[in-house]
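The values are calculated or read from the model by the stated rules, or taken from the named source; none is laboratory data. Bear in mind that the values here come from a model prediction, so they are computed numbers and not experimental data. Cβ placement follows ideal geometry from the backbone for every residue including glycine, while neighbour counts extend to all protein chains displayed. Please note that ligands, DNA and RNA were not included when accessible areas were found on the heavy atoms of the full protein model with its side chains. Shrake-Rupley method; radii C 1.70, N 1.55, O 1.52, S 1.80 Å.
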Amino acid sequence: MKFMVTWRTRPGLYKTAVQQFLKTGGNPPKGLKTVGRWHVPGSILGWHLLEGDDPTVVAQHVAEWADVIELEVNPVIEDAAAAEAASRVFGK
């Protein structure tokens, strides 16, 4: 399963968050794989696409960063899966 994490640095903690990222690399815990990560240049906003089977590991990763950044986690599916689900409801 894929999870899109949207993050924003907490007010006043930008430097702390960047230092933590530079020190750790922002790698997720074992059981999660980074598919991609994107930063808005010069901004406090970014996205981290993760893949894994255990949502509790996603919760662990969020907890590791929650003191310096605000995080929103959404499970996401790709177009083919969304189309399959929609076709069950609306037909082809």
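Structure summary
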item: Percentage relative contact order, the chain, counting C-alpha pairs under 8 Å, at least six apart; result: 44
item: Approximate spin-label separation Leu45-Phe90, in nm, with each point projected 7 Å along Cα-to-Cβ; result: 2.7
item: Where Phe21, Phe90, Phe3 fall by accessible area, highest first, once all protein chains stay in place (1.4 Å); result: Phe90, Phe21, Phe3
item: Spatial separation of Cα centroids for segment 1-56 and segment 71-92, in angstrom; result: 24
item: Under 19 Å from the Cα of Lys2 - lysines, other chains or at least 8 residues apart; result: Lys30, Lys33
item: Linear extension gain, Ala66 paired with Arg37, 0.36 nm per residue minus alpha-carbon span; result: 8.7 nm
item: Length released on extending from Asp79 to Thr24, taking residue separation times 0.36 nm less the Cα-Cα span; result: 16.5 nm
item: Residue-normalised accessible area of the chain, expressed per residue, 1.4 Å probe, Å²; result: 68
item: When the convex hull of its Cα atoms is projected in every direction, mean area for the chain (nm²); result: 7.2
item: Nearby aspartates and glutamates by direct alpha-carbon distance to Lys23 (threshold 18 angstrom, same-chain neighbours under 8 apart not counted); result: Glu64, Asp67
item: Rounded percent of accessible protein surface that carbon and sulfur make up, the chain, 1.4 Å probe; result: 58
item: Area of Trp7 that stays accessible when all protein chains are in place (1.4 Å probe, Å², to 10); result: 40
item: Summed side-chain charge close to Pro28 - residues other than Pro28 whose Cβ falls under 11 Å, Lys, Arg +1, Asp, Glu -1; result: +1
